[in-house]
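Below is one structure, written out as structure tokens; comments come after it.
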Amino acid sequence: MEEKNKTIAIACDHAGYELKNEVIKYLAENQYNIKDYGTNSAESVDYPDMVHPLGKDINAGTYELGIVICGTGNGVQMTVNKYPNVRCALCWIPEIAALARQHNNANILAMPARFISKEVALEIVKTFLNTDFEGGRHQRRVEKINKIL
Ligand code: RB5
């Protein structure tokens, strides 16, 4: 269920900077509040510097949902998934974003700025923010994710 006026945490590196601006515009137009962790230019940066603070805040429950963007989506995803309460899903089509929420209760969306259009990215964001976790058998599976051997 869509909950407007919720704060969405967002971060990117230089490769994701342009798309982050588009996502922020979409979020603002749709009455979301935004916590922006940068980066704030196209100048080359190291993605962990931007996304560690976001991962820490999602992990602590300060914000419920986040969005991270880099060239492939993988560097940002790998970084935030180090936090035990983070479930970050790399999504390149809206269907994956829907399933990431429905089945995995993903709380951070990762997107590959260099491989998707702005239009697809905004559809992914919309889907991610408007899809609920299904619970049930998926709850049991999600609870097992942190039970490393
Ligand atoms: C930056 O060139 C690129 O490596 C970064 O955006 C990301 O794709 C890393 O995973």
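State whether one or more residues within region 35-48 are closer than 23 Å to Lys126 by Cβ and part of a helix (DSSP H, G or I). Please lay out each step first, then the result.
Just the residues of region 35-48 that are closer than 23 Å to Lys126 by Cβ, to begin with: 35-37.
Checking which are part of a helix (DSSP H, G or I) leaves us with none.
No, there is no match, as no residue in region 35-48 is closer than 23 Å to Lys126 by Cβ and part of a helix (DSSP H, G or I).
Show the residue pairs meeting these rules: Cβ distance below 6 Å; 6+ apart or different chains; first residue within region 26-55 and away from the ligand (no atom under 14 Å from the Cβ); second residue polar (S, T, N, Q).
Sorted first by the residue in region 26-55, then by its partner, the pairs are Gln31/Asn5; Asn33/Thr7; Lys35/Thr7.
Could you list, in sequence order, the residues of region 49-90 that are over 22 Å from Thr7 (Cβ atoms) and part of a helix (DSSP H, G or I)?
Asn74, Gly75, Met78
Looking at Ala121, is it aliphatic (A, V, I, L, M), outside any loop (DSSP other than H, G, I, E, B), within 18 Å of Tyr17 (Cα to Cα) and in contact with an Asp or Glu (Cβ under 8 Å, 6 or more places away or on another chain)? Step through it out loud before you land on a result.
Working: aliphatic (A, V, I, L, M): yes; outside any loop (DSSP other than H, G, I, E, B): yes; within 18 Å of Tyr17 (Cα to Cα): yes; in contact with an Asp or Glu (Cβ under 8 Å, 6 or more places away or on another chain): yes.
Against the criterion (aliphatic (A, V, I, L, M), outside any loop (DSSP other than H, G, I, E, B), within 18 Å of Tyr17 (Cα to Cα) and in contact with an Asp or Glu (Cβ under 8 Å, 6 or more places away or on another chain)), Ala121 qualifies.
Name every residue in region 91-114 that is within 16 Å of the ligand (Cβ to nearest atom) and assigned to a loop (DSSP other than H, G, I, E, B), in order of residue number.
Filtering region 91-114 down to residues within 16 Å of the ligand (Cβ to nearest atom) leaves 91-92, 108-114.
Of everything in region 91-114, those that are within 16 Å of the ligand (Cβ to nearest atom) and assigned to a loop (DSSP other than H, G, I, E, B) turn out to be Cys91, Trp92, Ala113, Arg114.
Return the pair list, or none, for Cβ contacts closer than 7 Å from residues in region 102-115 that are farther than 18 Å from Lys35 by Cβ to residues that are surrounded by fewer than 24 Cβ atoms within 10 Å (Cβ to Cβ) and of a type in the set (Phe, Trp, Tyr), at least 6 apart or on different chains.
Pairs found: Gln102/Phe133; Asn105/Phe133; Pro112/Trp92; Phe115/Trp92.
Any chance you could count how many residues in region 1-25 are in contact (Cβ under 8 Å) with a residue 12 or more places away in the chain and assigned to a loop (DSSP other than H, G, I, E, B)? Break it down stepwise before answering.
Here is the first cut: in region 1-25, the residues in contact (Cβ under 8 Å) with a residue 12 or more places away in the chain are 1-2, 4-20, 22-24.
Applying the additional criterion that residues be assigned to a loop (DSSP other than H, G, I, E, B) yields 1-2, 4-6, 13.
Here the count works out to 6.
Identify all residues within region 56-77 that are near the ligand (Cβ under 8 Å from one of its atoms) and either touching a Gly at 6+ places or on another chain (Cβ under 6 Å) or at positive phi (or both); write none if there are none.
Of everything in region 56-77, those that are near the ligand (Cβ under 8 Å from one of its atoms) and either touching a Gly at 6+ places or on another chain (Cβ under 6 Å) or at positive phi (or both) turn out to be Cys70, Gly73.
We did not get these values from a lab; they are worked out from the coordinates using the rules stated. These numbers come from a predicted model, not from an experiment. Ideal geometry is used to build each Cβ from the backbone, glycine not excepted, and the neighbour counts take in all protein chains shown.
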